[in-house]
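Structure first, then comments.
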């Protein structure tokens, strides 16, 4: 299943995401209430970003995009709820296969703990993105510099974040990891995390 998401398909999706952010900055950013609680800010921005991603797409792609999509593959026994992605690209030929993006509000460039926790506890345990070899984190940066935020994320993850060449002019880096694959599961162990920092100032 992972083979469905070629590098070209991932880059195409990321083009849509960055174009949507440009539209968000131009159309709505000044009206987002950043004084709300982090979860409310995150939800508000993500709800505005997802339809702009969709607007950038032709509709002929082999995937579609959806806000708050459930991941039933890794749901624990009832009454647990399935994991829910902030945004997911869903493969049309097999809708079990999703390429997720998780968003977190970074109040400043050192406030990366919740962001890093999602990488460690969700992506690197295969709870998120079980069928694919990559996924993305989005950091909505309220204040501070993206360079410092990237440095702090790398330090907290104990890994190197490198510039992703197709988006070298963006605040976009990647880190490569070996995941902890649950017993008796054939999920990809190699995982690339895309890190997209989107300034809100």
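Please treat every number below as a calculation from the coordinates, not as lab data. As the structure is a computational prediction, the values presented were derived from the model and not from experiment. With ideal geometry, Cβ positions are generated from the backbone for all residues, glycine too; neighbour counts draw on all protein chains shown.
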Among 115, 164, 128, determine the one that fluctuates most according to a GNM of the chain built with springs between C-alpha atoms less than 10 Å apart. 164
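What is the fewest-to-most order of 126, 159 by other Cβ atoms lying within 10 Å of their Cβ? Each step should come with its number before you reach the end.
Details: 126 20, 159 14.
Least crowded to most crowded, the residues run 159, 126.
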Looking only at 189, 147, 77, which one moves most when the chain is put into a Gaussian network model with springs between Cα atoms under 10 Å? 77
The chain, Gaussian network, Cα under 10 Å: of 86, 171, 33, the residue fluctuating most is 33
Proportion of all alpha-carbon pairs of segment 1-101 beyond 18 Å (%): 53 percent
Relative packing of peptides 104-110, 132-138 - highest average C-beta neighbours within 10 Å first: 132-138, 104-110
Kindly state, to the nearest 0.05, the FRET efficiency for residue 125 paired with residue 31, given R0 = 30 Å and r defined as their beta-carbon distance. 0.25
Segment 59-124 - Debye-derived log10 I(q)/I(0), Cα point model, q = 0.13, 0.21, 0.22 Å⁻¹: -0.45, -0.94, -0.98
For the chain, what is the calculated [θ] at 222 nm in deg cm²/dmol (nearest 500), taking -39500 (n - 2.57) for each run of four or more DSSP H residues and dividing by its residue count? -9500 deg cm²/dmol
Taking every pair of alpha-carbon atoms in segment 2-199, what share in percent sits in each 5 Å bin, from 0 to the bin with the longest distance? 1, 7, 16, 21, 22, 17, 10, 4, 1, 0
